[in-house]
Amino acid sequence: MDENASVISMLDHTWFGSELAPETQEKLASLGSIMSFRPEEVILQEGEESIEFGILLSGRLALRTLVPERGPVTILSVEPGDVFGWSAILPEATAHSTVVATEPSKALVIDGMTLRAALKSDHGLAAGLYPRVLQAVARRLRATRLQLLDLFT
Amino acid sequence: MISDSIPRPASAARQLFLARSDFDALIGALRASGRTVIGPTIRDGAIVYDEIESAAMLPAGMGDEQSAGRYRLTDRGDGLLFGYTVGPTSWKRFTFPPQLNIAEARRAGGVAFDQPPVEVPQLAFLGVRACEIAALAVQDRVFLGGQFTDEDFRARRKAALVVAVQCTTYSSTCFCSSMGTGPAVRGGYDILLTEIEDGFVVQVGSPSGAAIVTQLPTRKPTHAETGAAIDSVEAVRAGLGEPLPMAGVDERLKQQLENPHWGVVADRCVECGNCTMACPTCFCTASVERSDMEGRLSVTERVWDSCFDVNFARVAGGDFRGRPRDRYRQWLTHKFSSWMDQFGSFGCVGCGRCIAWCPVAIDVREELEAIAPVVPPVERPVAVEPAAASPGAFSLARLASVKEETVDTTTLTLMDLDPAFLAARPGQFVMVALPGFPTVPISISRIGTTSIELSIRAVGATSTALTSLHPGSRLGLRGPLGTFWPIEDAYGRHAVVVAGGVGLAPLRGLVEALIASRDRFESVTLYYGARTPEDRLFRDDLARWTTIKAIDVAVTVDRAGVDWKGRVGVVTALFDMMTQDCSRVTAYVVGPERMMQASVQSLIAKGVPPDRICVSMERHMECGIGLCGHCQTGRFFVCKDGPVFRLSELGDLYVREGL
């Protein structure tokens with residue numbers, strides 16, 4: 001199995017990737033590369049330019065934000081199948097949180113600039129990827145609303 | 001024959017004997033009364049109903065062998081005239097003809113619509129079986145029992161004299177005893193015949209029948225002859241075997257509209273419609289317009305139709321029953337479920353024609369068993385009689401130990417208890433009293449052999465006082481109270497426990513019970529959400545459950561520090577992990593009301609049936625025994641009707657604002 005086929009196979013097992021059209025999966029696989037992260041390895045830093053878009057294939061990442069006097073707080077864990085660094089799709093975007101691996105993890109990572117250029121020139125890719133990213137963001141928004149309710153107090 | 005008075009079963013005193021050699025006298029008398037006699041005769045390798053002019057036309061000595069998709073005539077080697085069961089035709093052919101002109105329209109200087117006059121033949125039905133009498137009665141209810149009636153049918157029924165015949169044989173396709181329609185004829189006849197060795201025991205059921213029978217060369221039967229008549233019918237009843245469990249099948253089918261087996265049987269069904277044509281009760285028709293070449297006269301023909309026809313439910317915008325499985329489901333659920341709602345009886349009489357005449361041998365009895373089997377009654381445990389079950393009464397207990405679970409939640413272990421508390425069920429609660437404090441309801445978080453545990457979050461005066469007690473303290477208890485988790489709802493299914501925050505307390509006993517009888521469930525899963533890692537209850541138990549195979553545990557917290565390596569996110573996000581067939585999930589949910597609502601919505605969206613979701617409701621309670629009125633929610637007192645409810649029981653009371 002060549003590398004692309006192996007990446008596509010991994011994508012197919014994710015929530016995010018399984019409903020993408022085969023050609024979109026293929027393009028994403030060719031644009032990105034599989035990266036491994038050690039526990040506590042920082043992938044993106046809050047406030048810095050969001051340079052990478054990723055789809056987590058295995059392991060777990062934590063999205064952390066710094067709260068003055070409380071230090072870093074984990075506000076969400078990224079589970080296999082979910083995305084991180086989605087703001088890299090936007091030009092000159094900054095990362096909203098720090099992305100840290102909490103377990104040995106593997107992800108398909110695409111350079112933000114490369115992805116933006118591809119989305120601009122390849123309407124098929126844009127039409128396939130944007131709705132899925134929007135769904136991922138909407139899921140987070142819904143979850144954040146529930147978290148805002150602070151149900152357990 | 002429909003008469004103004006319902007024919008009564010004839011008494012033994014009115015029984016007569018007619019020799020088989022004199023049977024032509026009966027046919028002659030029926031014909032002499034101006035009736036055309038319709039009875040069984042052989043045509044095209046089957047026994048069908050057609051005009052009979054003499055006994056010689058009856059299938060003397062013939063029998064039949066029937067099974068799914070199979071019908072064969074046999075030579076019995078005797079002279080019995082009715083030694084077979086039912087063939088492909090039914091009497092509806094004569095009361096409800098396959099084709100009937102019901103209207104004429106003319107264009108001649110205008111438009112005129114006319115109904116042809118109702119003109120029906122005087123018929124005598126010879127050889128009507130018990131199931132067929134029941135079928136005629138079913139169609140009576142369809143055509144004559146409602147606001148709108150079919151007068152052609154009424155006229156044909158009134159004009160038909162019914163000569164019934166007791167079944168003295170049966171086929172493998174017969175199931176009249178299951179449908180409560182046979183094998184014995186109980187009424188609905190003018191003359192009833194039971195065929196024995198040399199002739200017939202004759203009973204009269206109406207004045208019209210009596211007028212015929214008086215003309216026959218009958219005599220009083222011997223005791224041996226009447227005994228033989230009774231025995232022959234009873235032998236059929238015994239031969240049919242244990243009746244199928246039809247009681248409640250109408251309701252069971254309503255619960256199975258999405259059963260995948262509809263697709264399985266539809267894959268076999270060729271949609272020929274034979275079952276509906278052979279069925280003695282199916283009554284669907286289509287209107288066919290036929291006009292002359294100039295369009296001056298058009299006739300509306302009513303013809304038998306079948307719900308298996310691909311166009312049967314089609315409208316301009318599409319087809320409401322577009323798939324074969326939809327059409328098979330329509331037919332079966334009408335016969336055995338919605339017919340009951342519409343007409344007060346099943347639409348099936350158990351004659352078995354649909355089984356024998358199905359070209360692919362679909363047996364409706366097997367399909368019912370596959371789609372809506374009888375669920376063996378589950379033994380539901382009964383709640384123990386509570387101790388101190390009156391206002392102001394409490395049973396003393398000793399606080400044996402105290403364990404701090406979280407910064408605000410403490411588990412008290414109580415001993416020296418009334419035995420009733422040790423017989424509590426997971427999900428039940430107790431009312432806890434301390435002198436000088438309001439009584440509070442606390443769910444039981446563990447039921448041991450000598451102790452129970454209460455896990456209490458310090459949020460008010462009593463709960464704060466309770467969590468400050470030292471071992472050796474005494475406190476008052478009433479209980480155990482309320483409903484408990486219906487663990488049997490998950491037998492053979494995937495048990496999913498969803499807990500939020502302190503909601504794990506009333507679920508801990510359930511989790512332990514699920515683990516203890518793990519073999520009874522397909523899988524057991526706990527999804528637990530807490531505010532922070534430090535707010536997780538029962539961390540020792542969670543750690544232990546995580547390491548055993550009997551249960552899958554997934555925990556998430558709303559927020560965490562950097563030390564927490566587990567999931568962060570709302571509890572509903574855990575449902576993304578569900579790989580179970582959600583239609584086979586039974587879920588037990590407890591947490592803050594808004595969290596339960598979000599969880600229930602997500603579970604239903606994933607396909608968990610609402611009647612398989614149980615929740616525990618928290619309400620203000622002062623007595624716990626339904627007397628103070630505080631916890632009333634709609635038609636329920638949550639303390640005694642709950643706190644555990646199936647979602648389907650709560651209906652629109654669930655998370656209804658202001659209730």
| message | I'm trying to understand the selection: among the residues of region B:451-463, which are touching a helix residue (DSSP H, G or I) at 6+ places or on another chain (Cβ under 7 Å) and open to solvent by 60 Å² or more (accessible area, probe 1.4 Å)? | response | B:ARG457
| query | In this structure, is B:GLY591 within 8 Å of another protein chain (Cβ to nearest Cβ), open to solvent by less than 10 Å² (accessible area, probe 1.4 Å) and within 38 Å of the chain's Cα centre (by Cα)? | reply | no
| Only one residue in B:TRP331, B:TRP339 is in contact with a Gly (Cβ under 8 Å, 6 or more places away or on another chain) and at pLDDT 90 or above. Which one? | B:TRP339
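In this structure, is B:ASP641 farther than 26 Å from B:VAL570 by Cα and at pLDDT 85 or above?
For B:ASP641, the condition - farther than 26 Å from B:VAL570 by Cα and at pLDDT 85 or above - is met.
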| note | Residues of region B:326-344 being charged (D, E, K, R) and open to solvent by 20 Å² or more (accessible area, probe 1.4 Å), in sequence order, are B:ARG329, B:ASP341
| task | Kindly establish whether B:CYS631 is touching a Cys at 6+ places or on another chain (Cβ under 8 Å) and either crowded, with 21+ Cβ neighbours inside 10 Å or in contact (Cβ under 8 Å) with a residue 24 or more places away in the chain (or both). | result | yes
| task | Find the strands (runs of 3 or more DSSP E) located wholly in region B:487-565 whose residues include 1 or more that are among the charged types (D, E, K, R) and either within 14 Å of another protein chain (Cβ to nearest Cβ) or open to solvent by 30 Å² or more (accessible area, probe 1.4 Å) (or both), and list them. | result | B:552-557
| message | Looking at A:ARG60 and the list (1) within 13 Å of chain B (Cβ to nearest Cβ); (2) in contact (Cβ under 8 Å) with a residue 60 or more places away in the chain, which single condition is not satisfied? | response | (2)
| Search result, residues across region A:94-110 that are open to solvent by less than 30 Å² (accessible area, probe 1.4 Å) and part of a strand (DSSP E or B) | A:THR98, A:VAL99, A:VAL100, A:ALA101, A:SER105, A:ALA107, A:LEU108, A:VAL109, A:ILE110
| Pick from B:THR169, B:THR214, B:THR218: which is among the polar types (S, T, N, Q), closer than 27 Å to B:GLU65 by Cα and open to solvent by 30 Å² or more (accessible area, probe 1.4 Å)? | B:THR169
| message | If A:TRP86 meets every condition in (1) within 14 Å of another protein chain (Cβ to nearest Cβ); (2) under 13 Å from the mean Cα position of the chain (by Cα); (3) open to solvent by 50 Å² or more (accessible area, probe 1.4 Å) apart from one, which number is that one? | response | (1)
| Going by the conditions given, is B:SER171 touching a residue at least 24 places away in the same chain (Cβ under 8 Å) and assigned to a helix (DSSP H, G or I)? | no
| query | Right, B:MET596: buried (at least 22 other Cβ atoms within 10 Å of the Cβ), within 14 Å of another protein chain (Cβ to nearest Cβ) and touching a strand residue (DSSP E or B) at 6+ places or on another chain (Cβ under 6 Å) or not? | reply | yes
| query | Can you tell which of B:VAL557, B:VAL585 is in contact (Cβ under 8 Å) with a residue 24 or more places away in the chain and in contact with an Asp or Glu (Cβ under 8 Å, 6 or more places away or on another chain)? | reply | B:VAL557
| query | Filter region B:566-588 for residues that are open to solvent by 50 Å² or more (accessible area, probe 1.4 Å) and more than 9 Å from chain A (Cβ to nearest Cβ); which is nearest to B:PRO610 (Cα to Cα)? | reply | B:SER583
| note | Taking region A:67-83 and keeping only residues that are open to solvent by 20 Å² or more (accessible area, probe 1.4 Å), closer than 14 Å to B:GLY569 by Cα and at the interface with another protein chain (Cβ under 8 Å from one of its Cβ atoms), one is left with A:ILE75, A:LEU76, A:GLU79
| said: Just to verify a result, which residue in region B:65-81, among those that are touching a Gly at 6+ places or on another chain (Cβ under 6 Å) and in a loop (DSSP other than H, G, I, E, B), is least open to solvent (accessible area, probe 1.4 Å)? | reply: B:GLY79
| request: Could you grab the pairs with beta carbons closer than 7 Å, sequence gap of 6+ or different chains, first residue in region A:97-117 and more than 13 Å from chain B (Cβ to nearest Cβ) and more than 14 Å from A:LEU63 (Cα to Cα), second one open to solvent by 50 Å² or more (accessible area, probe 1.4 Å) and in a helix (DSSP H, G or I)? | output: A:ILE110/A:LEU31; A:THR114/A:LEU31; A:LEU115/A:LEU31
| Across region B:297-335, what is the total count of residues that are outside any helix (DSSP H, G or I) and without any contact (Cβ under 8 Å) to a residue 40 or more places away in the chain? | 18
| task | Kindly indicate whether A:PRO91 is away from every other protein chain (no Cβ under 14 Å) and part of a helix (DSSP H, G or I). | result | no
| query | Counting just the residues of region B:192-202 that are in contact with a Leu (Cβ under 7 Å, 6 or more places away or on another chain) and within 16 Å of B:ALA124 (Cβ to Cβ), which one comes out surrounded by the most Cβ atoms within 10 Å (Cβ to Cβ)? | reply | B:PHE200
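Residues in region B:137-147: is at least one in a helix (DSSP H, G or I), farther than 18 Å from B:PRO40 by Cα, of a type outside the set (D, E, K, R) and open to solvent by less than 10 Å² (accessible area, probe 1.4 Å)?
There is at least one residue in region B:137-147 that is in a helix (DSSP H, G or I), farther than 18 Å from B:PRO40 by Cα, of a type outside the set (D, E, K, R) and open to solvent by less than 10 Å² (accessible area, probe 1.4 Å).
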| task | Evaluate region B:464-478: report whether one residue or more is of a type outside the set (Ser, Thr, Tyr) and touching a helix residue (DSSP H, G or I) at 6+ places or on another chain (Cβ under 8 Å). | result | yes
| field | The lone exception for B:GLY624 - which of (1) small (Gly, Ala, Ser); (2) surrounded by fewer than 22 Cβ atoms within 10 Å (Cβ to Cβ); (3) at pLDDT below 85 it fails | value | (2)
| A:ARG140 being under 15 Å from the mean Cα position of the chain (by Cα) and either within 14 Å of another protein chain (Cβ to nearest Cβ) or surrounded by fewer than 17 Cβ atoms within 10 Å (Cβ to Cβ) (or both) | yes
| Any residue at all in region A:67-74 that is among the hydrophobic types (A, V, I, L, M, F, W, C) and either in contact (Cβ under 8 Å) with a residue 12 or more places away in the chain or in contact with an Asp or Glu (Cβ under 8 Å, 6 or more places away or on another chain) (or both)? | no
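The values are calculated or read from the model by the stated rules, or taken from the named source; none is laboratory data. Quick caveat: nothing in here was measured; it's all calculated off a predicted structure. Positions of Cβ are backbone-derived with ideal geometry, glycine not excepted, and every protein chain shown enters the neighbour counts. Heavy atoms of the whole protein, side chains included, go into the accessibility calculation; ligands, DNA and RNA do not. Shrake-Rupley method; radii C 1.70, N 1.55, O 1.52, S 1.80 Å.
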